[in-house]
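Worksheet: the structure to be examined is printed underneath.
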Amino acid sequence: MEKVGYGIIGCGAIAPVHARSLAEIPEGKLVAVSDVVKDNAERLAQEFGAIPYTDYREMLKRDDIQAVSLCVPSGLRVEIAEACAAAGKHILAEKPLEVTVERIDRMIRAADEAGVYLGCVFQSRFADGAAKLREAIDTGRFGKLVLGDAYIKWYRTQEYYQSGAWRGTRKLDGGGALMNQGIHQVDLLLWYMGQPRTVHAQTALVGHEGLEVEDLACVTLTFENGAMGVIEASTAIWPGHDARIEVHGTEGSVILEAGEIKFWKFKNEFPEDETIRQSIGKEAALGSGAGDPLSNLKHEGHRRQIQDFIRAILEKRPPRVQGKEARLAVEVIEAAYRSAATGKTVELTK
Ligand SMILES: NC(=O)c1ccc[n+]([C@@H]2O[C@H](COP(=O)([O-])OP(=O)(O)OC[C@H]3O[C@@H](n4cnc5c(N)ncnc54)[C@H](O)[C@@H]3O)[C@@H](O)[C@H]2O)c1
């Protein structure tokens, strides 16, 4: 079987989730890993049988690597992505793709010019319930979309923010409850509701000390299709609740919690609707992250997405979550920060 040789840059908390996923993907093989902290690279390499590097540029010289996961802090990806593209490697970047649209556009340009794929990890899209909801939208089952909401009422300790110098900083985390934790649900909401027209937001720091970013945000949105919506995001709510997405239309309503269907009802009932309702609580859960960043994160979502990325390379077709599409979540969050800073509603253009 043809295998895609794979590298990981950044060997911190999320990197083992990529490595574990790769170990279960027959079409992929983890070849090497790289981290500026030697111990981090060596630990991951030893656990997963890979070659450690402290300089990713050396790792990128290898001919047996075709694709790379970028697991470095969010605001450090653009230069690394440009080097990967220049070396002809396909790039799967963790979320958010980068911390500003300007930096994301540099990544997209570099990938386009080099003819490599640029994907962004939004593993929530690969949850069974999340995908079923998208199908229902594509087949027009909601009638006219009326409201789309994302609620991320999570908890992060002060120690979490102190566990890495980059966490909670504007430059490297890019933002707080919206940009780091909430972005999965923001992406899902936009995947379902489409292009927003306006964004209005308020943000605050209420439950932590010394952060440059928000741990509380309330955002209202209007969408091009005439619908409205809200995003509520926090990391200051104890004990933390599963993130929730609600999509409501004139002919149906669906509610997801941690990517799983909790409510599913349409005016025009299909035979499979009852089966879907019967399966509530029995889907393969991908974990929630509500109270703790990783202890509850299953790698199944990453496995599905990394497998799609690898198959995209082998089949010479774009991956399911392309950088160009992942850009919108950061554009909307940047607009929310602008609105919160000025008190004004921000208009977005397509
Ligand atoms: N998809 C998800 O659910 C999910 C979950 C957690 C984190 N993440 C994302 O993953 C990224 C990393 O988060 P983390 O929690 O693993 O952070 P972390 O601080 O635990 O790990 C980052 C690692 O990158 C290394 N690093 C820094 N600069 C480097 C460079 N120039 N070259 C190579 N290595 C470098 C650090 O030494 C560290 O080992 C963030 O962007 C975060 O948003 C995504």
Being in a strand (DSSP E or B) and out of contact with any Ser or Thr (no Cβ under 6 Å at 6 or more places or on another chain) is the filter here; which residues of the range 213-229 pass it?
218, 219, 220, 221, 223, 229
So residue 87 passes all but one of these: (1) of a type in the set (Gly, Ala, Ser); (2) surrounded by 21 or more Cβ atoms within 10 Å (Cβ to Cβ); (3) farther than 25 Å from residue 292 by Cα. Which condition number does it fail?
(2)
Restricting the search to the range 37-53, which residues are loosely packed, with under 15 Cβ neighbours inside 10 Å and over 26 Å from residue 304 (Cα atoms)?
37, 38, 39
Of all residues in the range 39-83, how many are within 20 Å of the chain's Cα centre (by Cα) and in contact (Cβ under 8 Å) with a residue 60 or more places away in the chain?
11
Could you say which residue among 129, 140, 175, 115 is at pLDDT 95 or above and touching a Phe, Trp or Tyr at 6+ places or on another chain (Cβ under 9 Å)?
175
Filter the helices (runs of 4 or more DSSP H) completely within the range 110-212 down to those with at least 1 residues that are surrounded by fewer than 20 Cβ atoms within 10 Å (Cβ to Cβ).
128-138, 158-162
Testing residue 37 on (1) touching a helix residue (DSSP H, G or I) at 6+ places or on another chain (Cβ under 9 Å); (2) within 11 Å of the ligand (Cβ to nearest atom), one condition comes back false. Which one is that?
(1)
Mind checking which pairs have a first residue in the range 175-201 that is closer than 17 Å to residue 247 by Cα and a second that is surrounded by fewer than 24 Cβ atoms within 10 Å (Cβ to Cβ) and among the β-branched types (Val, Ile, Thr), Cβ under 8 Å, 6 or more apart or different chains?
192/137; 196/222
Here's a check for you: in the range 89-136, which residue that is of a type in the set (Asp, Glu) and under 30 Å from residue 248 (Cβ atoms) is nearest to the ligand (Cβ to nearest atom)?
128
Hey, among the residues in the range 4-27 that are closer than 19 Å to residue 87 by Cα and in contact with a strand residue (DSSP E or B) (Cβ under 6 Å, 6 or more places away or on another chain), which one's surrounded by the fewest Cβ atoms within 10 Å (Cβ to Cβ)?
5
Restricting the range 1-24 to residues that are in a loop (DSSP other than H, G, I, E, B) and more than 20 Å from the chain's Cα centre (by Cα), the residue that is farthest from residue 56 (Cα to Cα):
1
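Here's the yes/no breakdown for (1) under 19 Å from residue 121 (Cβ atoms); (2) among the aliphatic types (A, V, I, L, M); (3) in contact with a strand residue (DSSP E or B) (Cβ under 9 Å, 6 or more places away or on another chain):
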position: 262; (1), (2), (3): no, no, yes
position: 269; (1), (2), (3): no, no, no
position: 308; (1), (2), (3): yes, no, yes
position: 328; (1), (2), (3): yes, yes, yes
Count - residues of the range 1-32 that are out of contact with any Phe, Trp or Tyr (no Cβ under 7 Å at 6 or more places or on another chain) and within 15 Å of the ligand (Cβ to nearest atom)
13
Qualifying position, being modelled with pLDDT under 95, within 16 Å of the ligand (Cβ to nearest atom) and surrounded by fewer than 19 Cβ atoms within 10 Å (Cβ to Cβ), among 259, 291, 281
291
If you go through the range 255-280 one residue at a time, how many are small (Gly, Ala, Ser) and in contact with an Asp or Glu (Cβ under 7 Å, 6 or more places away or on another chain)?
1
Answer from 157, 235, 169, 220 - the residue that is in contact with a His (Cβ under 6 Å, 6 or more places away or on another chain) and of a type outside the set (Asp, Glu)
220
So which residues in the range 230-268 are within 17 Å of the chain's Cα centre (by Cα) and in a loop (DSSP other than H, G, I, E, B), if there are any at all?
235, 242, 243, 258, 259
Subset of the range 31-62, residues under 21 Å from residue 85 (Cβ atoms) and in a helix (DSSP H, G or I), comes to 56, 57, 58, 59
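The values are calculated or read from the model by the stated rules, or taken from the named source; none is laboratory data. Please read all numbers here as calculations on a predicted model, not as lab measurements. Note: ideal-geometry Cβ built from the backbone for every residue, glycine included; neighbour counts use all protein chains shown.
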